[in-house]
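Student: What follows is a single structure, and I will ask about it in a moment.
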Amino acid sequence: MVPTETGFIRPQRSRGRFRHMDFTIRSASVEDAKAIAFVQVEGWRSTYGGIVPDAYLAAMDVESGTESWKSPLESSEVAAFVAEDAAGVFGFICGGKLREGGEGYDAELYAIYLLQDRQRGGAGRRLACTLAEVLRQQGFKSMVVWVLEENRRAVAFYKSLGAVQILQKAVNIGGAELSDLCLGWADLDCCLQGQVEAPSKHLDG
Ligand SMILES: CC(C)(COP(=O)(O)OP(=O)(O)OC[C@H]1O[C@@H](n2cnc3c(N)ncnc32)[C@H](O)[C@@H]1OP(=O)(O)O)[C@@H](O)C(=O)NCCC(=O)NCCS
């Protein structure tokens with residue numbers, strides 16, 4: 001079973017401004033496939049414009065994305081969560097056992113995306129901490145994530161949660177030669193130290 005965590009973020013002071021972004025983090029189900037695909041396509045276009053070729057981004061579509069999300073969302077091997085508010089799902093995260101990365105690491109954050117106008121409101125941190133907590137309850141000890149080096153905001157986000165660079169490799173996306181960084185948390189507790197508040201209820205592994 002995919003676990004569930006629900007909570008609300010309290011207004012926080014951050015760099016001289018207050019955040020007022022009430023939202024819920026909950027376990028994702030196959031019914032969320034379309035919303036997740038939409039966030040992913042929008043997230044790619046707003047994040048990788050000027051990095052990944054325009055033709056590649058233009059070819060992404062929500063319909064085929066929806067189909068490819070159904071299987072992972074039905075799998076007990078993948079932990080997936082969405083962030084939503086009154087307007088609906090605006091972000092997601094998923095992860096599970098290590099697919100590729102540093103020796104000695106056992107879990108991987110596969111993907112995290114938020115709609116552009118909902119970034120920097122603390123939802124990314126809450127999603128990452130929720131995933132880390134669930135992976136820890138499943139018995140994992142550590143976690144990696146692959147991120148394009150040119151995606152400097154995401155690199156800063158992961159480092160703010162305690163990740164360190166452990167690998168680098170070249171990757172070709174749509175004809176563009178890019179640098180992919182593998183960042184890692186040797187101890188999931190390290191990621192969890194960035195948590196805003198304790199989960200409001202027990203997470204079933
Ligand atoms: C990366 C992403 C998931 C972060 O989520 P978020 O909700 O925007 O980040 P948070 O508000 O939780 O930020 C937590 C901390 O990360 C760091 N951080 C986040 N965004 C940052 C940025 N653009 N520049 C520098 N630091 C940043 C800060 O230390 C921040 O804490 P602070 O706001 O108290 O200073 C989100 O911005 C996003 O979806 N980006 C586009 C998609 C993407 O790049 N996904 C990752 C692919 S590998």
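The values are calculated or read from the model by the stated rules, or taken from the named source; none is laboratory data. Since the structure is predicted, the reported quantities are computational estimates derived from the model, not experimental observations. All Cβ positions, even for glycine, are placed from backbone atoms using ideal geometry, and neighbour counts span all protein chains on display.
Table: residues versus (1) near the ligand (Cβ under 10 Å from one of its atoms); (2) without any contact (Cβ under 8 Å) to a residue 60 or more places away in the chain.
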{"position": "Q137", "(1), (2)": "no, no"}
{"position": "M143", "(1), (2)": "no, yes"}
{"position": "E149", "(1), (2)": "no, yes"}
{"position": "V155", "(1), (2)": "yes, yes"}
{"position": "C182", "(1), (2)": "no, no"}
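Student: State whether the residues of the stretch 56-69 include one that is among the hydroxyl-bearing types (S, T, Y) and farther than 29 Å from Q168 by Cα.
Tutor: yes
Student: Just to be sure, is E133 under 18 Å from T47 (Cα atoms), more than 10 Å from the ligand (Cβ to nearest atom) and either at pLDDT 95 or above or of a type in the set (S, T, N, Q) (or both)?
Tutor: Against the criterion (under 18 Å from T47 (Cα atoms), more than 10 Å from the ligand (Cβ to nearest atom) and either at pLDDT 95 or above or of a type in the set (S, T, N, Q) (or both)), E133 does not qualify.
Student: Can you name the number of the only condition in (1) touching a Leu at 6+ places or on another chain (Cβ under 9 Å); (2) closer than 24 Å to A28 by Cβ that L167 fails?
Tutor: Of (1) touching a Leu at 6+ places or on another chain (Cβ under 9 Å); (2) closer than 24 Å to A28 by Cβ, only one is false for L167: (2).
Student: Just checking, how many residues over the stretch 139-182 are surrounded by fewer than 17 Cβ atoms within 10 Å (Cβ to Cβ), of a type in the set (A, V, I, L, M, F, W, C) and part of a helix (DSSP H, G or I)?
Tutor: Residues flagged as surrounded by fewer than 17 Cβ atoms within 10 Å (Cβ to Cβ), of a type in the set (A, V, I, L, M, F, W, C) and part of a helix (DSSP H, G or I) within the stretch 139-182 amount to 1.
Student: I'd like the full set of residues that are surrounded by 13 or more Cβ atoms within 10 Å (Cβ to Cβ), within 16 Å of the ligand (Cβ to nearest atom) and not β-branched (V, I, T), limited to the stretch 50-68.
Tutor: Those that are surrounded by 13 or more Cβ atoms within 10 Å (Cβ to Cβ), within 16 Å of the ligand (Cβ to nearest atom) and not β-branched (V, I, T): Y56, L57, M60, G65.
Student: Which condition breaks for S71 when tested against (1) modelled with pLDDT of 95 or more; (2) crowded, with 16+ Cβ neighbours inside 10 Å?
Tutor: Looking at each condition in turn, S71 falls short on (2).
Student: Got at least one residue in the stretch 100-117 being among the small types (G, A, S), out of contact with any Pro (no Cβ under 7 Å at 6 or more places or on another chain), within 12 Å of the ligand (Cβ to nearest atom) and more than 16 Å from D180 (Cβ to Cβ)?
Tutor: Taking every residue of the stretch 100-117 in turn, none turns out to be among the small types (G, A, S), out of contact with any Pro (no Cβ under 7 Å at 6 or more places or on another chain), within 12 Å of the ligand (Cβ to nearest atom) and more than 16 Å from D180 (Cβ to Cβ).
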